[in-house]
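Asks: Got a structure for you, questions after.
Taken together, the values in this text are just the output of simple stated rules run on the coordinates, not laboratory data. Here the structure is a predicted model, which means the values were calculated and not measured. Counting neighbours? That spans all protein chains shown, and the Cβs are built from the backbone with ideal geometry, glycine included.
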Amino acid sequence: MGSERTAVETIQVVSFRLGLEEYGVDIAQVQEINRMVAVTHVPRAPQFMEGVINLRGQLIPIIDLRARFGMPRAEPTKNTRIVVTEIGAKRVGMVVDSVSEVLRLAVDQIEAAPEMITGADTEYIRGVGKIDDRLIILLDLARVISTAERHELESAGAGDAAAVA
Amino acid sequence: MSTSDEFFDRSEFIRYFEDETDELLNSIDADLLRLEHFIDAGPIDAEIVNSLFRALHTIKGSAGMLEFAEVQQVAHKLENVYDLLRKDRMPLTESGVELLFEGRDVLTGLIRAAIGGTAAPAGVEAYVERLDSFAAVYESTAQVIEGVRSDAAPDEDLTPVTAAEVSAFEAEVERLLAEAERRARTPATPVDPAEAPPDVEAAQAAVDALFAALPAAAAPDAVRARPASAEPVATNPRAAAKPDAKRGQSAKNQTIRVDIERLDLLLDLVGELVINRTRISDIAATLRREVGNGARAQHDLATLAKDLSESSALLGRTTNEIQESIMKVRMVPIGQVFDRFPRMVRDLAKARGKEVHLEIAGAETDLDKTIVDEVGEPLMHLVRNCVDHGIEPPDVREARGKPRHGTVKLNAYHEGNQVIIEIADDGGGVDLQRVRDKAVRMGIIDETAKLSDREIVELIFTPGFSTVEHVTDVSGRGVGMDVVKKNILRLKGVFDVDAVRGQGTTFTMKLPLTLAIIQALLVRVADELYSIPLDAVIESQRIEPSDVRTVQGGEVITLRGQVVPLIRVGEFFGLDAPRDPDKVMIVIVGLQGRQVGLVVDSFQGEQEIVIKPLSDVIGRIAGISGATILGNGSISLIIDVHSLVGRVMGLRAHDTGGPRYAPVRSEEMLKEARWVPNY
């Protein structure tokens, strides 16, 4: 800790990319980062639910964050990663385009989310961190997941209706 | 004790308190039911009262430690009443027992509130007042009675005990009690007898000596009833060996409490072992194939394959053993559930003006903890149903030439890999005509529908169905039977009802011993492997596409004269699954005698699988009950046969020849039925 800036609190975030944007999640919530593996498709699950993977004997549900945020899906590349997060008792893997680095953000560098962010709904955003010219969108994972569950219920209903049509 | 939190982990203690009081409240119930028989029936069995006293004393002590003041207070007051009873200072009356039953319930409410951190339930104060005034009558007369008692001539063959001995004994016991209470208030570290302060040792010795001097049978009531008060000192092994305390010990469950999470973890580990075993045999198979293929059969390689096969067999044996022993750890007696019924039956029979005997057999029958937990609700519904709807009022029974009191029998036993639980009553059975009429009135069946007796009885499982005209607060709201059946099917069980008009009703449930590891048939559908629990599979076969016919928009085949509807699994799951023009592979699955054919791409053999739930982040998926990890590390989803078959049966009658009726018309089923156009 530099003596001149001791007063400023910092947080550590894992930053990753989705399309042109850079996102960050609290490092405390990240359990591990894996290369893309075969994902078992779960039929009739919400559309952004990629499926499940076997992580050392445990079943981990996988969310495609692009699909989650309404962005076009992308074919996996050698940079594609699964960020395994732990929110409360729930473990969820998130597919991202690439993982950049672990950053230290001073709390006073974080601003409230502006309205016109293109990707993620402001609903899932804790704030936007600034480092030099970079903007890091900080995600509220609990919300990403809880609304995922809500969404699941809605889309299950919609799915039934669609089957009728 | 405001700093008590520093000394022990409070939440851990509360959990323990919850478990402990659960057991104690159950034992209080059982004891009260036994006590009730002594109303107007001679001297009370002292053991019962002692056991009640001990239970309350323990609750009081633990509540005090956790600073649950209200629990402590009520337990204390109840304890006083039992004290009067066991000192024979109070006669046992019906109103008295009723008050004690009520006290048990008030205590239960208070304990729940204390644990949950919510406000005490209403009516506690009023109850305490009633209890106080009730006890006050006898407490004030106690002195008088005592006086009379000492005048009574002692039985000839009793050794008289001097008043001095009695008061010395009482003083000792009081001191011990105070000591015990002091200890109960200090942090709950087990008391090492070696470290017990010498004065307690001495007091203990004094009590022992006094006991030795008193032939137990010769002691007058006042003294004989006393030793139980020494029970709180039972942390000392010597005190626990006392005759009175011994009963309490042997009556206790010889079980240990194990954190269910730890058990689940062990089970997970075993699951991985099972997976590894499969992996090894996969490798062995591959090796064998390599050797066979490559004609250059190297000796080394062959030996390796053989070794691997052997170690696989060995590993298999070990894992089987581990699996079995873990299963056993998870097993608990069904009696845990049965225990709550005597009280319930008593109260319910009383409220309904009926006389009901409850007979319980096979309470020691073990089954998986998860199942025991899940089966409680359905069982309760059924027992209630028996008392409420099955057993007739005494006068009616008499008129029918039956004994005035009805009998409800609960029986549990093992049969093969299953546990059978029977709930039988000797009541009026099911009035088929009435069920039929009601079903017609509710629009469940058509007036002209031809139904076998069995099919009519099954109508009682229709959601919202009840033949009882007036709604009672117990059952008869029609929410029972369908829910019961659903719950049992969810546990992969079978539920059956057998009713003989005028003679009674028998409900039978067959439950698997465990849910975690099952045999499954692996099938391939649209390039994914799915598992179908083998217990649901009747047969699998390949048929010609021309064998498939269409009846009312749905595909069926005829199998040995029976029309079997088909479900194309790939299409049901919305997978990209083109139909094979040359063949149709079907797995015939059955539930409760009804058959459905699941169309898959190919069969991939049988395997033992470990069931893992899908994450709740994904939520419930219709037709999928969970997933498993296969030997090569890939995941296979487990098909929920019950929900698949249920869907089809909800839409189409299996008997396509006879008159058509939709057995179920609830909202839910209608909603589920929406995807029918696929068929």
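Asks: Just checking the output field for B:616-628: average partner chain Cβ neighbours within 10 Å of each residue's Cβ?
Replies: On the way: counts 5, 17, 15, 13, 4, 8, 5, 2, 4, 0, 1, 6, 2.
Partner Cβ neighbours, averaged per residue: 6.
Asks: Taking θ = phi - 60°, what integer Hz values does the Karplus form 6.51 cos²θ - 1.76 cosθ + 1.60 yield along the range B:397-405, in sequence order, with x for Gly and Pro?
Replies: With the stated coefficients, the range B:397-405 comes to 4, 4, 4, 8, x, 10, x, 4, 8 Hz.
Asks: Using θ = phi - 60° and the Karplus form 6.51 cos²θ - 1.76 cosθ + 1.60, what ³J(HN,Hα) does each residue of the range B:622-633 get, whole Hz, x for Gly and Pro?
Replies: Going residue by residue, I get 4, x, 10, 9, x, 8, 9, 9, 8, x, 8, x Hz, with x marking Gly and Pro.
Asks: Based on other C-beta atoms within 10 Å, arrange B:Thr550, B:Thr508 from fewest to most. Intermediate results must be reported in sequence, preceding the final value.
Replies: Working: B:Thr550 10, B:Thr508 15.
Arranged by neighbour count, lowest to highest, B:Thr550, B:Thr508 become B:Thr550, B:Thr508.
Asks: List every residue whose amide H lies under 5 Å from the amide H of B:Val548, counting only residues 5 or more places away in sequence or on a different chain, with H placed 1.01 Å from N in the peptide plane.
Replies: For B:Val548, no residues qualify.
Asks: Of the listed pairs B:Lys328/B:Lys409; B:Lys328/B:Lys486; B:Lys354/B:Lys438; B:Lys486/B:Lys510, which have alpha-carbon separations greater than 21 Å here?
Replies: Working: B:Lys328/B:Lys409 27 Å; B:Lys328/B:Lys486 27 Å; B:Lys354/B:Lys438 26 Å; B:Lys486/B:Lys510 13 Å.
Going by Cα-Cα distance, B:Lys328/B:Lys409; B:Lys328/B:Lys486; B:Lys354/B:Lys438 fall outside the 21 Å limit.
Asks: Taking K and R as +1 and D and E as -1, what net charge do the other residues with C-beta under 15 Å from the C-beta of A:Gly57 add up to? If you can, show how the numbers build up before the last one.
Replies: Values: positive: A:Arg56, A:Arg91, B:Arg277, B:Arg279, B:Lys612; negative: A:Glu32, B:Asp264, B:Asp268, B:Glu272.
Once positives and negatives cancel, what remains is +1.
Asks: Amide H to amide H, which residues 5 or more places from B:Thr407 or on other chains are under 5 Å from it, using H placed in the peptide plane?
Replies: Correct list: B:His357, B:Asp426.
Asks: Tell me which residues come under 5 Å, amide H to amide H, from B:Ile567 once H is placed; ignore anything under 5 positions away on its chain.
Replies: HN-HN under 5 Å from B:Ile567: B:Gly597, B:Leu598, B:Val599.
Asks: Going highest first, how would you order B:376-389, A:76-89 by mean Cβ packing within 10 Å? Don't jump to the answer; show the numbers that get you there.
Replies: Details: B:376-389: 22.3, A:76-89: 15.6.
By packing density, highest mean first, the sequence is B:376-389, A:76-89.
Asks: While we're looking at this one, here's another question. What is the mean number of Cβ atoms from other protein chains located within 10 Å of the Cβ atom of each residue in peptide A:54-63, rounded to a whole number? Intermediate values should be presented prior to the final figure.
Replies: Numbers: counts 10, 0, 3, 10, 5, 10, 2, 6, 3, 2.
Rounded to a whole number, the mean comes out at 5.
Asks: In peptide B:527-533, what is the residue-averaged number of other protein chain Cβ atoms found within 10 Å of each Cβ? Could the numbers behind the result be given before it?
Replies: Values: counts 1, 5, 1, 1, 0, 0, 0.
The shielding value for this peptide is 1.
Asks: Based on the mean of other beta carbon atoms within 10 Å per residue, what is the order of B:639-645, B:360-366, most packed first?
Replies: B:639-645, B:360-366
Asks: Also: Could you order peptides B:57-65, B:117-125 by the average number of other Cβ atoms within 10 Å of their residues, highest first? Spell out each step's value before the answer.
Replies: On the way: B:57-65: 22.2, B:117-125: 11.1.
Per-residue mean Cβ counts within 10 Å order the peptides as B:57-65, B:117-125.
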